[in-house]
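Inspection log for the structure reproduced underneath, given as structure tokens.
The values are calculated or read from the model by the stated rules, or taken from the named source; none is laboratory data. Only a predicted model underlies this, so the values are computations on that prediction, with no experimental measurement involved. Glycine gets a Cβ as well: all are built from the backbone with ideal geometry, and neighbour counts include every protein chain shown.
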Amino acid sequence: MTRLLVLTLGFEEKFAFRMLTRHGLDRGDRILILTGRAVERTVKAIETIKEFVKKYFPGEIDVEFYEVDLSNFIEAVRRIRDVLSRYIPSYDKVIINLTGGMRVLILATFTALLLLSVNLGERITHIEVEFEDGTYLVKIPQNLPRMLLNVRSLTRERIELLRAIQELGEVTVKDLAKVLGKDESTIRRQIYELEKLELVEVTKTRPTKIKVTELGRLLI
């Protein structure tokens, strides 16, 4: 199983070292470094990363970097999107680390991931951000980018349904229909749409019960 490891980079290579040590590397993996304007300190950091990989992870592991002009945000997002879309389909798993580099680079990369999540989201298996001092590693839910793009499809009626489920806890379709004064068939259709967006979880027990997911709670 091959992996693409993507990281944003500023002047310090320590975040890259932590990421690579944490996930390890295998033959066939590729490291993709995204950076702003490659000044001398950036180039030095990239060379240090290459030496680190060669020393501790011998094998056929490519390390590539792409310079992104951050003066125009839209063009930066387009550049990152095009680079990632070129590589992602060739790998089984994609791990993204958004710790290093300028804030605008991190924001542009995350925006590009939002756009790519429509067609390539299943391959992006891991998005992480590390505290600068290394004390915590925050994992962004894999389906968050796709969910954020789908928020526009949430009607007021679906938001109200989410709130009702949250207030009632694990609840059946029958109970929801009674509380909201609607037909069970209408509730089932709405639940089906919310489940596709991964905003609710439907149990396989009988009677079937519905509860709001962590992502769903972000919207209520």
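See the values below:
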{"item": "Some residue of the stretch 193-201 being surrounded by fewer than 16 Cβ atoms within 10 Å (Cβ to Cβ), touching a helix residue (DSSP H, G or I) at 6+ places or on another chain (Cβ under 7 Å) and either farther than 30 Å from Met102 by Cα or at pLDDT 85 or above (or both)", "result": "no"}
{"item": "Filter pass, Thr42 being surrounded by 15 or more Cβ atoms within 10 Å (Cβ to Cβ), part of a helix (DSSP H, G or I), polar (S, T, N, Q) and assigned by TED's automatic domain parsing to the domain that holds Leu98", "result": "yes"}
{"item": "Those residues of the stretch 172-183 which are acidic (Asp, Glu) and surrounded by 14 or more Cβ atoms within 10 Å (Cβ to Cβ), in sequence order", "result": "Asp175"}
{"item": "Residue check, Val68 touching a Lys or Arg at 6+ places or on another chain (Cβ under 6 Å), surrounded by 16 or more Cβ atoms within 10 Å (Cβ to Cβ) and either farther than 19 Å from Ile124 by Cα or not assigned by TED's automatic domain parsing to the domain that holds Leu116 (or both)", "result": "yes"}
{"item": "Residue selected from the stretch 141-171 under the condition over 28 Å from Ala112 (Cβ atoms) and of a type in the set (Gly, Ala, Ser), by the criterion surrounded by the fewest Cβ atoms within 10 Å (Cβ to Cβ)", "result": "Gly169"}
{"item": "Subset of the stretch 202-220 that is of a type in the set (Ser, Thr, Tyr) and surrounded by 13 or more Cβ atoms within 10 Å (Cβ to Cβ) - its residue that is farthest from the chain's Cα centre (by Cα)", "result": "Thr208"}
{"item": "Single residue of Val53, Val39, Val43, Val6 found to be within 22 Å of Leu115 (Cβ to Cβ) and of a type in the set (A, V, I, L, M, F, W, C)", "result": "Val6"}
{"item": "Qualifying residue in the stretch 124-132 (condition: surrounded by fewer than 17 Cβ atoms within 10 Å (Cβ to Cβ), part of a helix (DSSP H, G or I) and in contact (Cβ under 8 Å) with a residue 24 or more places away in the chain)", "result": "no"}
{"item": "Scan of the stretch 71-89 for residues that are surrounded by fewer than 18 Cβ atoms within 10 Å (Cβ to Cβ) and under 19 Å from Gly28 (Cβ atoms), ordered by number", "result": "Arg86, Tyr87, Pro89"}
{"item": "Residue in the stretch 166-174 that is under 26 Å from the mean Cα position of the chain (by Cα) and not assigned by TED's automatic domain parsing to the domain that holds His126 present", "result": "yes"}
